[in-house]
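J.: Quick one: the structure is below, and I'll ask about it shortly.
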Amino acid sequence: MPFGQRTRPSLRAPMSWVDFHPLFWSLQPIVFLYARAVQEVAAVQILLPVVAALVGAVLTWAVAPMVLRRDVRKGAVLTSVLLALFFSFGRVVNLADGFFRSTRLWPNLDWMQLTTRTLSLQADVVSAFSVLIVVAVVRLRRKKPLSVKIPHLMAWTAATLI
């Protein structure tokens, strides 16, 4: 390649198992819950959630490169981030509730009805997640190539969690 000529992110670059980390991230919560209730749930009963999670991950992964200058690997990273945020939403709301109650940073929280408090906390978590998503998209849209270490880190983390 001549000096100074940039290469365009290739859609035809050879893919390895590391590039499929969005699929691992979509399966992780389902496998985790199944492992905790293996005596109560038959393996057949998790097929529908597994298929739904995989279809959602694949559709998100198909759309993400369109947002990120047709870079499939950056699209995979964005998809994994979105999946991690999606599946951690309820836990983050519960953590925020416990945090604000223990620190008393939100003085009216104890006086609110449960429904109002929950909706208010959910709105705040959605706002925080939206900021994280916008930051991720802006950072991934740069023309700077993605570090090779990021997909490997995401793949090994997801594989370890499964």
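The values are calculated or read from the model by the stated rules, or taken from the named source; none is laboratory data. Everything quoted here is computed from the prediction, not taken from an experiment. Here Cβ is always computed from backbone atoms with ideal geometry, including for glycine, and neighbour counts include all displayed protein chains.
J.: Let me spell it out: the conditions are (1) at pLDDT 90 or above; (2) over 25 Å from Ser147 (Cα atoms); (3) not small (Gly, Ala, Ser), and Pro22 meets all of them except one. Which number is the exception?
T.: (2)
J.: Going through Ser26, Ser88 one at a time, which residue ends up being hydroxyl-bearing (Ser, Thr, Tyr), under 25 Å from Val125 (Cα atoms) and either in contact (Cβ under 8 Å) with a residue 24 or more places away in the chain or touching a strand residue (DSSP E or B) at 6+ places or on another chain (Cβ under 7 Å) (or both)?
T.: Just a single option satisfies the conditions, and that option is Ser26.
J.: Can you tell me which of Gly56, Gly75, Gly98 is in a helix (DSSP H, G or I), surrounded by 13 or more Cβ atoms within 10 Å (Cβ to Cβ) and either modelled with pLDDT under 90 or aromatic (Phe, Trp, Tyr) (or both)?
T.: The conditions single out Gly75.
J.: Quick one: what pairs do we get from region 91-102, first residue under 14 Å from Ser120 (Cβ atoms) and in contact (Cβ under 8 Å) with a residue 12 or more places away in the chain, second among the aromatic types (Phe, Trp, Tyr) and surrounded by 13 or more Cβ atoms within 10 Å (Cβ to Cβ), C-beta under 7 Å, 6+ apart or different chains?
T.: Pairs found: Phe100/Trp106.
J.: Here is a follow-up. Residues in region 14-25: is at least one surrounded by 18 or more Cβ atoms within 10 Å (Cβ to Cβ) and closer than 19 Å to Leu132 by Cα?
T.: The answer is yes; a qualifying residue exists.
J.: Mind checking which pairs have a first residue in region 116-139 that is under 18 Å from Gly75 (Cα atoms) and a second that is at pLDDT below 85 and surrounded by 14 or more Cβ atoms within 10 Å (Cβ to Cβ), Cβ under 9 Å, 6 or more apart or different chains?
T.: Cβ pairs passing all conditions: Val137/Val67; Val137/Leu68.
For every residue, the table says whether it meets (1) of a type in the set (D, E, K, R); (2) farther than 16 Å from His21 by Cβ; (3) in contact with a strand residue (DSSP E or B) (Cβ under 6 Å, 6 or more places away or on another chain); (4) in contact (Cβ under 8 Å) with a residue 60 or more places away in the chain.
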{"position": "Tyr34", "(1), (2), (3), (4)": "no, yes, no, no"}
{"position": "Gln39", "(1), (2), (3), (4)": "no, yes, no, no"}
{"position": "Val51", "(1), (2), (3), (4)": "no, yes, no, no"}
{"position": "Gly56", "(1), (2), (3), (4)": "no, no, no, no"}
{"position": "Ala62", "(1), (2), (3), (4)": "no, no, no, no"}
{"position": "Asp71", "(1), (2), (3), (4)": "yes, no, no, yes"}
{"position": "Val77", "(1), (2), (3), (4)": "no, no, no, yes"}
